[in-house]
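Have a look at the structure below, then the notes.
The values are calculated or read from the model by the stated rules, or taken from the named source; none is laboratory data. In this text the structure is predicted, and so the values were computed from the model without any measurement. Cβ coordinates were reconstructed from backbone atoms using ideal geometry, including for glycine residues, and neighbour counts include every protein chain displayed.
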Amino acid sequence: MVSRVIPVAPFDLVVFGGTGDLARRKILPALFRRFLSGQMGDTSRVIGAARSEMDAGAYRGFVRAAIEEFDAAAARDRAQLDAFLERVGYVAVDAKGSAGWGELAAALTEGRVRAFYFSVGPSLFGDLAQRLHDYGLADEDSRIVVEKPFGRDLDSARALNRGLARHFDEHQIYRIDHYLGKETVQNLMAVRFGNMLFEPLWNSQYVDHIQITVAESVGVGGRGEYYDRAGAMRDMMQNHLMQLLCLIAMEPPAKFDPDAVRDEKLKVIRALDPVEPGNVVRGQYEAEGDKPDYRAQVGNPDSATESFVALKAHISNWRWAGTPFYLRTGKRLKARASEIAVVFKETPHSIFGEEAGRHRNILTIKLQPNEGIELGVTIKEPGPGGMRLVDVPLDMTFAEALGPDSAEFPDAYERLIMDVIRGNQTLFMRGDEVEAAWAWTDPIIAAWEERGEPPQSYATGSTGPEDALMLMHRDGRRWREIKP
Ligand code: BG6
């Protein structure tokens, strides 16, 4: 299977924070991949911008090292890497002052798409937007890309939105949630809205509950300072898991267009009930072997920040009233495994008698690793011995169904950056969506802060704190196993 590369218009992409960690790990390697696919055409360019004084040659060295470290396979093509680096420039700019801005403006080519990637902390978003405006760079053809965290609560998110809106229209602002760029996440929409099979059953009459798990095996690594101020709720739940919840629960949009999709997602967030404190479990990982515990890793011995959170949510609308959504995410868990499971109800009556047992269909959308979709169906166990039933998966692992090349789809960042250049906002969050997500999250956080309860500890390599299991057990349900 050969993947199709859709050409994009020539562009200049400026990466503010071009020497930062995200640029190194994700943005620059993603751009190189798109270059390799031919999507950067003959003239498109990447310009790193940051505070450090260095010349373009030194920055190219930095970009080369980043690509070699984070995409060793692609970097093997030396000739192509050299050719890509020729498209890379650098300008030292001061986000809060005037240094470098004239030079940056002069470095950009007139009449082509201009994208400004704010790969910097949110405290600089407003300054950057202001400078772009002051130096005549905030024109109709320019767009800005902003990274999470988009604020830390509703008030700060509103302030960020206001700061950006002073100089850019909403259609020029691309708020990244890289989960929306993941292949399977988009497949979720294809499965729901491209098949007749599922949609009629997609409601509380047929669906017992939905579970969303985003489990990581890694700890907070070198991001302790940021993470300890955020925690799993702000770092993952408010954005990534919330977006997955929206896609799974939303009404069919009239068309696959940015506002139609985002309107439906927004309705889901607004229909979420407040979460009762008893339906939230927080955890913090313990040490194991030479791996430090959470507090040691973030360097805060009294930290009450959670590295795990699980909760039960309800959506009060006609489709979902009565179907709980169980969401959990955490670090240092048993495996890196993320999935959404739609667990259907049992058949209303079993014609096979008690001994056949009761069975459920489960549709599992596996985000990572091994992207794919699996439908659990109940069949007769082969052989004699009566009507014994067994659940087997109808497996649609993409690599198996579509050939090995299908596993070679663009990384989320590649896809999202190209969508920015194309001007397609479908996979980006709108300002009102982000605010609604904070409006739902804030009271959950306020409730635990008020109670002052520390998170429960959980063993590294486990499935999280005991109480997270209880969250489902007490409803007569259980979490699916965390396995890759
Ligand atoms: C980021 C979070 O947004 O997503 C990280 O800040 C997390 O803490 C990461 O590790 C997970 O992304 P992925 O694509 O590896 O699942």
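If I go through region 226-259 residue by residue, how many of them are within 10 Å of the ligand (Cβ to nearest atom) and either surrounded by fewer than 18 Cβ atoms within 10 Å (Cβ to Cβ) or under 17 Å from Arg430 (Cβ atoms) (or both)? Selection size over region 226-259: 3. Among the conditions (1) at positive phi; (2) touching a Pro at 6+ places or on another chain (Cβ under 8 Å), Gly452 misses just one, which is (2). Identify all residues within region 270-287 that are within 19 Å of Gly330 (Cα to Cα) and without any contact (Cβ under 8 Å) to a residue 12 or more places away in the chain; write none if there are none. Gly278, the sole residue that qualifies.
Just one of the numbered conditions (1) in contact with a strand residue (DSSP E or B) (Cβ under 6 Å, 6 or more places away or on another chain); (2) crowded, with 22+ Cβ neighbours inside 10 Å; (3) under 18 Å from Ser462 (Cα atoms) is not true of Ala313: (3). Please go through region 170-196 and pick out each residue that is assigned to a loop (DSSP other than H, G, I, E, B), away from the ligand (no atom under 16 Å from the Cβ) and either in contact with a helix residue (DSSP H, G or I) (Cβ under 9 Å, 6 or more places away or on another chain) or within 18 Å of Leu416 (Cα to Cα) (or both). Result: no residue meets the conditions. Every listed requirement among (1) in contact (Cβ under 8 Å) with a residue 40 or more places away in the chain; (2) farther than 19 Å from Glu147 by Cβ; (3) of a type in the set (A, V, I, L, M) is met by Ala58 save one, (1).
Taken over region 298-337, the criterion of being within 16 Å of the ligand (Cβ to nearest atom) and either on the phi > 0 side of the Ramachandran plot or not in a loop (DSSP other than H, G, I, E, B) (or both) is satisfied by Val298, Phe308, Val309, Leu327, Arg328, Thr329, Gly330, Arg332, Leu333, Ala337. Among residues belonging to region 132-151 that are within 16 Å of the ligand (Cβ to nearest atom) and not basic (Lys, Arg), point out the one that is surrounded by the fewest Cβ atoms within 10 Å (Cβ to Cβ). So, considering only residues that are within 16 Å of the ligand (Cβ to nearest atom) and not basic (Lys, Arg), the one surrounded by the fewest Cβ atoms within 10 Å (Cβ to Cβ) is Pro149. Is one or more of the residues making up region 242-261 farther than 25 Å from Pro122 by Cβ, hydrophobic (A, V, I, L, M, F, W, C), touching a Gly at 6+ places or on another chain (Cβ under 9 Å) and at pLDDT 95 or above? No, because not a single residue in region 242-261 is farther than 25 Å from Pro122 by Cβ, hydrophobic (A, V, I, L, M, F, W, C), touching a Gly at 6+ places or on another chain (Cβ under 9 Å) and at pLDDT 95 or above. Whenever a residue of region 309-331 is within 23 Å of Glu453 (Cβ to Cβ), its partners that are among the aromatic types (Phe, Trp, Tyr), lying with C-beta atoms within less than 6 angstrom and at least six residues away or across chains, give the pairs Lys312/Tyr326; Ala313/Phe325; Gly330/Phe308.
Just one of the listed residues (Asp71, Asp77, Asp94) is among the acidic types (Asp, Glu) and within 15 Å of Val14 (Cα to Cα), and it is Asp94.
Residue check: is Ile362 within 18 Å of the chain's Cα centre (by Cα) and either more than 16 Å from the ligand (Cβ to nearest atom) or β-branched (Val, Ile, Thr) (or both)? Spelling it out, it is not the case that Ile362 is within 18 Å of the chain's Cα centre (by Cα) and either more than 16 Å from the ligand (Cβ to nearest atom) or β-branched (Val, Ile, Thr) (or both). Scan Arg166, Arg158, Arg131, Arg223 and give me the residue that is closer than 21 Å to Arg262 by Cβ and charged (D, E, K, R). Sole residue among the options that is closer than 21 Å to Arg262 by Cβ and charged (D, E, K, R): Arg158. The requirement of being part of a loop (DSSP other than H, G, I, E, B) and under 19 Å from the mean Cα position of the chain (by Cα) is satisfied by Val218. Looking at the structure I just gave you, is Ala49 at negative phi, small (Gly, Ala, Ser) and out of contact with any helix residue (DSSP H, G or I) (no Cβ under 9 Å at 6 or more places or on another chain)? Answer is no for this residue. The criterion of at least 2 residues that are within 21 Å of the chain's Cα centre (by Cα) and modelled with pLDDT under 95 is met, among helices (runs of 4 or more DSSP H) falling completely within region 399-484, by 412-422. For region 197-215, the candidate set comprises residues that are over 30 Å from Asp293 (Cα atoms) and not in a loop (DSSP other than H, G, I, E, B); within that set, the residue that is nearest to the ligand (Cβ to nearest atom) is Ile210.
Selection of first residues in region 166-183 that are among the β-branched types (Val, Ile, Thr) and of second residues that are away from the ligand (no atom under 13 Å from the Cβ) and at pLDDT below 95, restricted to Cβ pairs under 8 Å at least 6 apart or on distinct chains, gives an empty result. Would you check if there is a residue in region 352-361 being within 30 Å of Arg282 (Cβ to Cβ) and either modelled with pLDDT of 90 or more or of a type outside the set (Asp, Glu) (or both)? Taking every residue of region 352-361 in turn, at least one turns out to be within 30 Å of Arg282 (Cβ to Cβ) and either modelled with pLDDT of 90 or more or of a type outside the set (Asp, Glu) (or both).
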